[in-house]
Amino acid sequence: MSQFLNIIGEKCPKCGTGKVFKTKGNIFLLKMPVMNDDCPHCGHHFHKETGYFFGAMYVSYALAVAEMVALFVVLLPFTKDFGILVGAVAVMAVVLSPYNFRLSRMLWIYMFDGPEKVPEN
């Protein structure tokens, strides 16, 4: 459960204390999230190599599709107008883009650079 809370809280995968992102970003101010290069607490380096976060784009895509389908299913009983449905889904995709950006990178970091497993004897 603590790994889940660390992902949601955007904490370092090694120490669980330092923040991964300097700023969260705000789509209304046209600002995207900014990552720290290193953990401010333990010094762990987040960017392993050039292109390390390309795979996080696929995670972000999956999150966005799940959100769009969920909103479409929730709105469908209330309106049959396809234009309203597409418009609502498009607005939601834009508004949630900074959150999806941060969450997809956190999931990617924890999948491939998470805490080391301690072997049991």
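The values are calculated or read from the model by the stated rules, or taken from the named source; none is laboratory data. Bear in mind the structure is a predicted one, so any value in this text is a computation, not a measurement. Cβ: placed from backbone, ideal geometry, glycine included. Neighbour counts: every protein chain shown. Keep in mind that these areas ignore ligands, DNA and RNA; they rest on the heavy atoms of the full protein, side chains included. Shrake-Rupley method; radii C 1.70, N 1.55, O 1.52, S 1.80 Å.
The figures follow:
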{"read-out": "Rel. contact order, % - alpha carbon contacts under 8 angstrom, at least six apart, the chain", "value": "31 percent"}
{"read-out": "Local electrostatic count, residue 33, Cβ distance below 10 Å [Lys/Arg +1, Asp/Glu -1]", "value": "+4"}
{"read-out": "Scattering curve values for segment 37-100, log₁₀ I(q)/I(0), Debye with Cα scatterers, q = 0.14, 0.21, 0.26 Å⁻¹", "value": "-0.57, -0.86, -1.07"}
{"read-out": "Theoretical gain in end-to-end length, residue 15 to residue 76 [0.36 nm per residue, Cα-Cα removed]", "value": "17.6 nm"}
{"read-out": "HN-Hα J in Hz across segment 78-94 - Karplus 6.51, -1.76, 1.60, θ = phi - 60°, x for Gly and Pro", "value": "8, 8, 9, 6, 5, x, 5, 4, 5, x, 5, 5, 5, 4, 4, 5, 6"}
{"read-out": "Size of electric dipole in the chain: Cβ of Lys, Arg +1 and of Asp, Glu -1, about Cα centre, debye, nearest 20", "value": "260 debye"}
{"read-out": "Dimensionless Rg/Rh of the chain - Kirkwood Rh, Rg from C-alpha atoms", "value": "1.07"}
{"read-out": "Total formal charge among the other residues, if their Cβ is under 14 angstrom from that of residue 53, Lys/Arg +1 and Asp/Glu -1", "value": "0"}
{"read-out": "Degrees between helix 54-75 axis and first principal axis of the chain (Cα, 0 to 90, nearest 10)", "value": "40 degrees"}
{"read-out": "Area accessible to solvent at residue 29, 1.4 Å probe radius, in Å²", "value": "110 Å²"}
{"read-out": "Portion, in percent, of the accessible area of the chain that falls on carbon or sulfur, probe 1.4 Å", "value": "68 percent"}
{"read-out": "Value at 222 nm in deg cm²/dmol, rounded to 500, when DSSP H runs of n ≥ 4 in the chain each add -39,500 (n - 2.57)", "value": "-16000 deg cm²/dmol"}
{"read-out": "Label-to-label distance, nm, for residues given as residue 42 and residue 112 (7 Å Cα→Cβ offset)", "value": "1.9 nm"}
{"read-out": "Separation in nanometres of the label points that stand 7 Å from Cα toward Cβ, at residue 30 and residue 93", "value": "2.1 nm"}
{"read-out": "For the chain, accessible area per residue (1.4 Å probe, heavy atoms of protein chains only), Å²", "value": "66 Å²"}
{"read-out": "Ranked order, 97, 2 - accessible area, probe 1.4 Å, largest first", "value": "2, 97"}
